[in-house]
Amino acid sequence: MEGEGRVIKSTGSSSLVSSPEAGLTECVISGKYRLEGLRSTNPVVVGDWVMFSIQEGEKLGRISDVLPRKNYIIRKSTKLSKSHQIIASNIDQLMLMVTVVNPVTHAEFIDRYLVTSEAYNIPAILLINKTDLYGETEIMTVEEWRRIYEEIGYVCIECSLEKMVNLDLIKSTLKEKVTLLAGNSGVGKSTLINIIEPSLNLKTREISQSHKSGKHTTTFAEMFELGIGGFIIDTPGIRGFGITDMEDEPLYHYFPELFKVSTGCKYHNCIHVNEPECAVIQSVESGKISLSRYKSYLNLLDEQQNSSKYR
């Protein structure tokens, strides 16, 4: 049998492919495809549409081709020999779960994900969880996040999975979409999936009290079909999200508010660090652009410039 299917799980050595004709088929990559020169550490990823075949009487199918991806999202690879690791492909939206406490999500962590979503044309939504735990200080942080990110154009949803606050809004946002769910370990990704699709019964863990951070429960990205329509892709709790494979455009193009005001800079090749008459720096000084966003930009720019030295 030969056909087309969608990869719903990939562990590196094999992939689980879903198709109407064959149902779920465990597949390996054919030798010919494996040998192609790829900069990615993983040639087949969750969300990929692939061509595969399985011989009668065999348990394992073979993936012969990966169809063109409309988009994908990446992280830095830990393997020095390769450029990056693709987490998932063919995504309609990124839902980034964040928490002010238990664990703490830092602003730069948010900005790393948003820069990546901008670079790969994936609309992003901020889901601010655990609002039932927040006191006055935490509420001020949430208000600040909303002010910064909604002004740029990102949708922000406050919720409490513990108290089932805003669950209907989350469901309507996920319906009929392929959504990549991301965030620190411990913010509640698996809990959210279990609430929306209880039959999955995904493993969840308590927050580590010694480090106030989540313990990793997901090792590989995995796609789940939702009864309400659509799919959700659960991703590993990635502590550090790398900026890579973005050499075609200057980094500030992926910060919409920086890009917008950069037309007012004196020099066309301004990178908004210490150039004279820089409209971006002036906007930061006047409060038009958030200082935390600008700091994220400078840190990521420094990281990008340092990594380019070793290519």
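The values are calculated or read from the model by the stated rules, or taken from the named source; none is laboratory data. Keep in mind it's a predicted model, so treat the numbers as computed, not measured. For neighbour counting, all protein chains shown are included, and Cβ atoms are generated from backbone atoms with ideal geometry for every residue, glycine included. Protein only, heavy atoms only, side chains kept; ligands, DNA and RNA dropped before computing areas. Shrake-Rupley method; radii C 1.70, N 1.55, O 1.52, S 1.80 Å.
List of remarks:
- The value of relative contact order for the stretch 114-206, using C-alpha pairs under 8 Å at least six residues apart, is 23 percent.
- Accessible area per residue was computed with a 1.4 Å probe on protein heavy atoms; Glu118 scores about 60 Å².
- Heavy atoms of Thr11: accessible area, 1.4 Å probe, square angstrom to 10: 50
- Distance between the modelled labels on Leu24 and Phe259, one decimal in nanometres: 3.9 nm (7 Å Cα→Cβ projection).
- With the convex hull drawn around the C-alpha atoms of the stretch 114-197, the volume per residue stands at 107 Å³.
- Computed lengthening from Glu197 to Glu275, 0.36 nm per intervening residue step minus Cα-Cα distance: 22.9 nm
- Using the Cβ-Cβ distance between Ser14 and Ser286 with R0 set to 41 Å, the FRET efficiency works out to roughly 0.15.
- Annotation for Ile228 and Asn299: the two label points, set 7 Å from Cα along the Cα-Cβ direction, are 3.2 nm apart.
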